[in-house]
1. Look through Ala204, Ala192, Ala229, Ala209 and report the one residue that is surrounded by 20 or more Cβ atoms within 10 Å (Cβ to Cβ), among the aliphatic types (A, V, I, L, M) and either under 17 Å from the mean Cα position of the chain (by Cα) or farther than 20 Å from Val178 by Cα (or both).
2. Would it be correct to say that Ala228 is without any contact (Cβ under 8 Å) to a residue 60 or more places away in the chain, touching a Cys at 6+ places or on another chain (Cβ under 7 Å) and either within 15 Å of the ligand (Cβ to nearest atom) or outside any helix (DSSP H, G or I) (or both)?
3. Is at least one residue of segment 91-107 more than 30 Å from Phe36 (Cα to Cα), touching a residue at least 24 places away in the same chain (Cβ under 8 Å), surrounded by fewer than 17 Cβ atoms within 10 Å (Cβ to Cβ) and out of contact with any strand residue (DSSP E or B) (no Cβ under 6 Å at 6 or more places or on another chain)?
Amino acid sequence: MNRKPIFAANWKMNKGASETEDFLKSFLSKLQGQDFPCEIVIAPPFVSLAKLAELLHTATAVQNAHAIQIAAQNCSQFDAGAYTGEVSVLMLREFFVHYVILGHSERRAIYGETDAFINAKIIKAREANLKPIFCIGETLAEREAGKLESVLRTQITDGLKNVPEKDMLETVVAYEPVWAIGTGVTATSQQAQDAHAFVRSVIADLYGADTASRIRIQYGGSVKPNNAAELMACPDIDGALIGGAALEPQSFLEIIRNGCDHGGQ
Ligand code: PGA
């Protein structure tokens, strides 16, 4: 099955509009003339979406830039109303947002997001035709207690409750072991591949083998230029969700280059 790898920069709470502009100018100049067989996505903070959308629109028109898609880092499960601090899916669409990261472990751990809450957001995102980047992953304690598979199965099953197959086909799954996020500790490629194969098997249980073989599953957690190739060479890894190493244009580009060279199917 030919799955196009997807490399997404999750900037978290970094880079306002002017830093977004600096990054993008540098990144586009490095990217110019290169066409990688993958999708490139940038997820800036909400307040930088407008700047990113404007710059990408101009860049694409002027220099035929490699298409870069925009992601949000979160969305509301509601349409509009008295929800202080929230941003709706239709608001995101106005900034040409195509993807939305949902269920990131920081949102689960720091903001108490549950599988049911994440599920409601996935359903709302699909109503607006946004593509969820649905994050799952176990803590170190869960892994060491032998609960890896049961934790992942619950996150997938409850997070995707009532999500029909047609919407699942527009969803990207990001497997991010919590103990590897921002720690510099990466899962070995064998650990990552085993978890990805398991995730795909759970999706096959829910949606059938054909759908499971078409879903892209990204790896996330301390992905760097020097480990991207090995991770992306694994048969069930279809790209990466990158935090720290995607804050610098050069290292984000090197991850994409190394990952595509060695892992692009
Ligand atoms: P990291 O973050 O690459 O800094 O580990 C990944 C993520 O949180 O998505």
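The values are calculated or read from the model by the stated rules, or taken from the named source; none is laboratory data. Fair warning: this is a prediction, and the values are worked out from it, not measured in the lab. In this analysis, Cβ positions are derived from the backbone assuming ideal geometry, glycine residues included, and neighbour counts consider all displayed protein chains.
1. Working: Ala204 fails: surrounded by 20 or more Cβ atoms within 10 Å (Cβ to Cβ); Ala229 fails: surrounded by 20 or more Cβ atoms within 10 Å (Cβ to Cβ); Ala209 fails: surrounded by 20 or more Cβ atoms within 10 Å (Cβ to Cβ).
Checking each option against the conditions leaves just Ala192.
2. no
3. Within segment 91-107, not a single residue is more than 30 Å from Phe36 (Cα to Cα), touching a residue at least 24 places away in the same chain (Cβ under 8 Å), surrounded by fewer than 17 Cβ atoms within 10 Å (Cβ to Cβ) and out of contact with any strand residue (DSSP E or B) (no Cβ under 6 Å at 6 or more places or on another chain).
Residues checked against (1) in contact with a Gly (Cβ under 7 Å, 6 or more places away or on another chain); (2) within 12 Å of the ligand (Cβ to nearest atom); (3) modelled with pLDDT of 95 or more:
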residue: Arg200; (1), (2), (3): no, no, yes
residue: Ala204; (1), (2), (3): no, no, yes
residue: Gly220; (1), (2), (3): no, yes, yes
residue: Lys224; (1), (2), (3): no, yes, yes
residue: Met232; (1), (2), (3): yes, no, yes
residue: Ala245; (1), (2), (3): no, yes, yes
residue: Ser251; (1), (2), (3): no, yes, yes
residue: Cys260; (1), (2), (3): no, no, no
residue: Gly263; (1), (2), (3): no, no, no
